[in-house]
Amino acid sequence: MNEMSLLVAITGWEAEVWHRRFRELAPERRVYLHSDAYPVEKIRYACTWKAPHGLLATLPNLEAVFSLGAGVDHLIADPDLPDVPIIRIVDPDLTGRMSEYVVLHVLMHHRRQRLYDTQQRARVWREHRQPAAREVRVGIMGLGVLGRDAAEKLVHLGFDVAGWSRTAKAVPGIVSFSGDAELDAFLERTDILVVLLPLTDETRGILDRDLFERLAKDGELGGPIVINAGRGGLQVEEDILAALDDNTLAAATLDVFEREPLAPSSRLWSHPKVTVTPHNAAVSQPQALTRYILDQIARHETGLAFENVVDRTAGY
Ligand code: NDP
Ligand code: OXD
């Protein structure tokens, strides 16, 4: 039995499914759930999603921490996070799911599907003007692994796509902006804003009234639209509601919220211009992602460097 044991520390998701899958794929290792008893000194790798803060600091021989999602804000927020590499998910399964979500919701707005749903319920046969995809400017905030894939798929559909990131990018077919200095230029050519930023000290609360007012006002869709599948902490929900009410924004699709689950009392649920999904834009699938983590461990144990290591200073 390999004594380089794994600890699965998950809250909010079904931990047992991950546990079972790790054991199936790595029968030679011991794999523990954090809710069971485990020998702290044997744990070398922690596989986490919203692990209780302080738990990782109790593992004296920890060599690496894996985030079971692409985002690592749940780990960075732990004040006792040990000084070992943090590895995040970069996997075609997760990336593909996010691009499906982005393409679906961009098209929902572009093709006015919500309006046709309402008309259908009222038995109304009425056509509305339909701009071509090339007439619609999509701006993706966060041109990382997920943003880039979604951007490329939207370009393929014919949309006029731009991206904004911290460092400059050169992606064929995509107009790229970077840093605070180019944010205005990016926003003023954006009809549909897709947000795939990580939550960091720099990005918290970035989606506020001031930003919405800087989006394009001359677009083909009757006002700018926001799609946030990044993190709820990026958005100021009161500002979104106010901007929808006074037509600064035409619509919003939100997968993530300041507090999850979204409170039943939130006005976002019933607002006619809002589409709500329950933080499932790109769900982490144990089937695909346990394999990715075990491959990373195998690399490490043969002397190779981990891939997709988080930059703690940048916070993502
Ligand atoms: P990446 O780290 O690959 O990309 C992040 C992008 O954001 C990069 O382009 C980065 O710039 C940019 N960025 C970060 N900080 C800033 C800043 N201050 N100003 C401008 N740009 C910035 O992450 P992923 O694409 O893999 O994932 C993005 C996020 O999506 C995750 O952090 C997570 O929060 C969210 N997510 C949500 C899911 C859901 O189901 N709703 C599922 C999976 C992920 P640069 O390229 O210069 O580094
Ligand atoms: C992630 C998520 O970060 O599911 O992967 O939110």
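Table for the structure above
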item: Projected label distance in nm at Ala122 and Glu24, using a 7 Å step from Cα toward the beta-carbon; result: 4.9
item: Relative pair counts by distance (%), Cα atoms of segment 1-122, 5 Å bins; result: 2, 10, 17, 19, 15, 9, 7, 6, 6, 5, 3, 2, 0, 0
item: Sparse-neighbour loop sites [GluC sites (Glu not before Pro); segment 59-151; at most 13 other C-beta within 10 Å; DSSP]; result: Glu127
item: The chain: relative contact order as a whole-number percent, Cα under 8 Å and 6+ apart; result: 15
item: Cβ-placed point charges (K, R +1; D, E -1), dipole of segment 1-150 about Cα centre in debye, nearest 20; result: 1140
item: Packing-based exposure ordering (other Cβ within 10 Å, fewest first) of Trp18, Trp13, Trp125; result: Trp125, Trp13, Trp18
item: Given charges at beta-carbon only (K, R positive; D, E negative), |dipole| of segment 188-281 in Debye; result: 220
item: Phi-based couplings in Hz for segment 277-288 (Karplus 6.51, -1.76, 1.60; Gly and Pro marked x); result: 10, x, 6, 10, 4, 9, 6, 6, 9, x, 3, 7
item: Nonlocal amide H pairs with Ala251, under 5 Å, H built at 1.01 Å; result: Val226
item: Whole-percent pair-distance distribution, where bins are 10 Å wide, for the alpha carbons of the chain; result: 6, 25, 31, 21, 12, 4, 1
item: Cβ-Cβ FRET estimate between Arg129 and Arg259, R0 fixed at 35 Å, reported to 0.05; result: 0.35
item: Pair Asp208, Asn280: separation of 7 Å Cα→Cβ label points (nm); result: 3.3
item: Estimated distance in nm for a label pair at Asp218 and Asp80, the labels positioned 7 Å out from Cα along Cα-to-Cβ; result: 5.7
item: Neighbour-count order for Ser270, Ser35, Ser5, fewest beta carbons within 10 angstrom listed first; result: Ser270, Ser35, Ser5
item: Theoretical gain in end-to-end length, Glu41 to Arg312 [0.36 nm per residue, Cα-Cα removed]; result: 95.1 nm
item: The chain: Lys pairs at Cα distance under 29 angstrom, eight or more positions apart or on different chains; result: 6
item: Between helix 15-25 and the chain: long-axis angle, C-alpha atoms, 0 to 90°, nearest 10; result: 60
item: Å³ per residue enclosed by the Cα convex hull of segment 92-276; result: 125
item: Mean-position separation - Cα centroids, segment 252-316 and segment 80-139, in angstrom; result: 16
item: Estimated [θ] at 222 nm from DSSP helical runs (n ≥ 4, -39500 (n - 2.57)) normalised by residues in the chain, nearest 500; result: -8500 deg cm²/dmol
item: Residue of His300, His109, His74 that the Gaussian network model of the chain assigns the largest fluctuation, springs spanning Cα pairs under 10 Å; result: His300
item: Gaussian network model of the chain, Cα within-10 Å springs - most flexible of Gly163, Gly173, Gly71; result: Gly173
item: Residue among Val106, Leu25, Thr313 farthest towards the positive dipole end of the chain, charges placed on Cβ; result: Val106
item: Global form of segment 185-273, assessed from the alpha-carbon gyration tensor, a/c cut-off 1.5; result: oblate
item: Dipole-positive endmost among His279, Leu221, Ser265 within segment 171-316 (Cβ charges, Cα centre); result: His279
item: Relative contact order computed over segment 92-276 (Cα-Cα under 8 Å; 6+ residues apart), in percent; result: 17
item: Cβ-based charge dipole, the chain, positive-most Cα from Thr302, Ala250, Cys47; result: Ala250
item: ³J(HN,Hα) computed for each position of segment 148-153 - Karplus, 6.51 cos²θ - 1.76 cosθ + 1.60, integer Hz, glycine/proline x; result: 5, 5, 4, 4, 5, 5
item: Neighbour-count order for Lys42, Lys273, fewest beta carbons within 10 angstrom listed first; result: Lys42, Lys273
item: Dipole in debye (nearest 20) - the chain, about Cα centre, beta carbon charges: Lys, Arg +1; Asp, Glu -1; result: 1000
item: Segment 272-316: projected area of the alpha-carbon convex hull, averaged over directions, in nm²; result: 5.4
item: Interchain or long-range residues, amide H under 5 Å from Gly163's placed H; result: Ile140, Val175, Ser176, Phe177
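No lab work stands behind these numbers, since they all come straight from the coordinates. This structure is a prediction, so every number in the text was calculated from the model and none was measured. Heads up, the Cβs are rebuilt from the backbone with ideal geometry, glycines too, and the neighbour counts pull from every protein chain shown.
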